[in-house]
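The values are calculated or read from the model by the stated rules, or taken from the named source; none is laboratory data. Values in this document were obtained by computation on a predicted structure and should not be read as measured data. Because the Cβ atoms are built from the backbone with ideal geometry, glycine has one as well, and the counts that use them run over all protein chains shown.
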Amino acid sequence: MGEAIVITSGKGGVGKTTSTANLGTALALQGKKVCLIDTDIGLRNLDVILGLENRIIYDLIDVLEGRCKIHQALVKDKRFEDKLFLLPAAQTADKNDVNPEQMKELIEGMKADYDFIIIDCPAGIEQGYKNAVAGADRAIVITTPEISAVRDADRIIGLLELEENLEAPKLIINRIRSHLMEAGDALDVNEITTHLSIDLLGIVPDDERVISSSNKGEPVVMDPSNPAALGYRNIARRLLGESVPLMTMDKPKPGMFGKLKSIFSSK
Amino acid sequence: MKAQVTGFLKNIVNIKGTNKGLLIQLNDMASYTEILDELKKKVSDPALEGDAEVQIQLAKRHYSKAQLEEIKKVIHDNSKMKVIGTKCDVVTVEECNRMIAERQSETYVGIVRSGQVIKAKGDLVVIGDVNQNGRIEAGGNVYVLGRLKGFAHAGASGNKEAVIAASWLEATHLKIADELETMTDELDSLSEQPEMECAYLHTSGKIIIDRLQELRFLRPQISTFKGGS
């Protein structure tokens, strides 16, 4: 029996969909069977980031309205043999076409077949949020080190804490820019966790390759040398129950050899 | 009790000097119109000291708000005396229930997050932070064992004596009774380290922030503790 995790944030653009894709991929890399559900009906993106856009035949609404069976709508990611699946959102409907009871029933029915069901929640606290949260067992809140994102995270945590069937939400701080934090120009990890006072699940450094890999349809987590990928891989390991120390944000100072190398490699 | 609060008193209105100024005693057995007429006569007496402060003793009779206003108006219009308060030996059931509710204290343990509103009829104790856009409201005083970073309203049912106290007072808005203060940068009373502070309504009508230690002098009535060694 797997567990259903909703990934939410309140604010848009903090990296819910990117995190869903990367955490799902990281769990699949660890050999877990994962299904990602995009609940952002009308504004679907998860399929694009996973590079599965062209393979969609049926979607969430088709399943809920009985036009197809679940297995027909699921898109299999061929890079991971039978480990990673996507249930895409519909693009031609809107959030009010689904209700929380339907979502709950759907996810309950799927739990037996997967280790993890990861639900990508749309921004906002309206119908789309309610649909996304309905079937979840636990929640992960994504924020960035910006005051506006932290405020919205606070609001969403308040709402999540009212949900009776949900475990206490956990926090991911995304797009950390260490130089801004060190200069005191951005909230630091400690400030954010004390303010929100929920458990920190992990941090993900800001990295340009997150964007480029998303554009290519290959989640960045597949590149083991990337710092953001490491952040996501650590989070996935923590979700599996391992205790992984929090990654340090300070960049290693280049030694003599490193300095020489950078002189020769520049330009 | 002395005879002053009973109906045995012959006079309908009695004016008496005390060490705290004058006391006007109204006979609780007389009719209201009689009292008004007699009061008017008595206070118009030129022998009375000019601008004295007076208290009105209402004894065992309940006056409506409008009636009290009328009585004060009679005194005000016919003399230079200043009414500084009324004393009454009776309250209505409604008033009594409200007073009991306001004296009770409710406790909330947890964080008051953005968008959440916590209300109490009496005093409110929050054990935890009040985050920005979180709101706490109390008929009585507000105490926060944590960081108050949101909106706090004390004395919501009109009590101007109510205070707001917090381990860390950096609220965005403070409201006491009907007076609202936005805690903008222009406010010079804001401290760098807003630790252990309280806010109260000054007689000038402005909300003032002070150290928590001053509270026992500012609002001694908050302390209900009796005895001790």
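Numbers for the structure displayed
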| item | result |
| --- | --- |
| Matching residues, region A:152-169, being touching a residue at least 12 places away in the same chain (Cβ under 8 Å) and in a helix (DSSP H, G or I) | A:ASP152, A:ALA153, A:ASP154, A:ARG155, A:ILE156, A:ILE157, A:LEU159, A:LEU160 |
| Extreme residue, farthest from the other protein chains (Cβ to nearest Cβ), among residues of region B:95-114 that are surrounded by 18 or more Cβ atoms within 10 Å (Cβ to Cβ) and of a type in the set (D, E, K, R) | B:GLU102 |
| Residues within region A:212-235 that are without any contact (Cβ under 8 Å) to a residue 24 or more places away in the chain and either of a type in the set (Val, Ile, Thr) or touching a strand residue (DSSP E or B) at 6+ places or on another chain (Cβ under 6 Å) (or both), tallied | 1 |
| Residue in region B:55-69 that is in contact with a Gly (Cβ under 9 Å, 6 or more places away or on another chain), assigned to a strand (DSSP E or B) and touching a residue at least 60 places away in the same chain (Cβ under 8 Å) present | no |
| Verdict on A:ASN174 being touching a residue at least 24 places away in the same chain (Cβ under 8 Å), under 17 Å from A:ILE198 (Cα atoms), away from chain B (no Cβ under 14 Å) and buried (at least 18 other Cβ atoms within 10 Å of the Cβ) | yes |
| Residue that is surrounded by the fewest Cβ atoms within 10 Å (Cβ to Cβ) [pool: residues in region B:146-175 that are within 14 Å of chain A (Cβ to nearest Cβ) and part of a strand (DSSP E or B)] | B:SER167 |
| Residue among B:ALA101, B:ALA156, B:ALA162 that alone is in contact with a Gly (Cβ under 6 Å, 6 or more places away or on another chain), of a type in the set (A, V, I, L, M) and within 30 Å of B:ILE24 (Cα to Cα) | B:ALA162 |
| Test: residue in region A:212-220 that is polar (S, T, N, Q), more than 14 Å from chain B (Cβ to nearest Cβ) and within 15 Å of A:LEU23 (Cβ to Cβ) | yes |
| So A:ILE61, is it surrounded by fewer than 23 Cβ atoms within 10 Å (Cβ to Cβ), modelled with pLDDT of 95 or more and not basic (Lys, Arg) | yes |
| Those helices (runs of 4 or more DSSP H) lying entirely in region A:174-267 with at least 1 residues modelled with pLDDT of 95 or more | A:189-196, A:208-216, A:227-239 |
| Every residue from region B:122-137 that is within 14 Å of chain A (Cβ to nearest Cβ) and part of a strand (DSSP E or B) | B:VAL126, B:ILE127, B:VAL130, B:ARG135, B:ILE136 |
| Scan of region B:126-142 for residues that are touching an Asp or Glu at 6+ places or on another chain (Cβ under 7 Å), at pLDDT 95 or above and within 22 Å of B:ARG98 (Cα to Cα), ordered by number | B:ALA138, B:ASN141 |
| Any hit, region A:34-43, residues being of a type in the set (A, V, I, L, M, F, W, C), modelled with pLDDT of 95 or more, crowded, with 17+ Cβ neighbours inside 10 Å and within 20 Å of A:ASP223 (Cβ to Cβ) | yes |
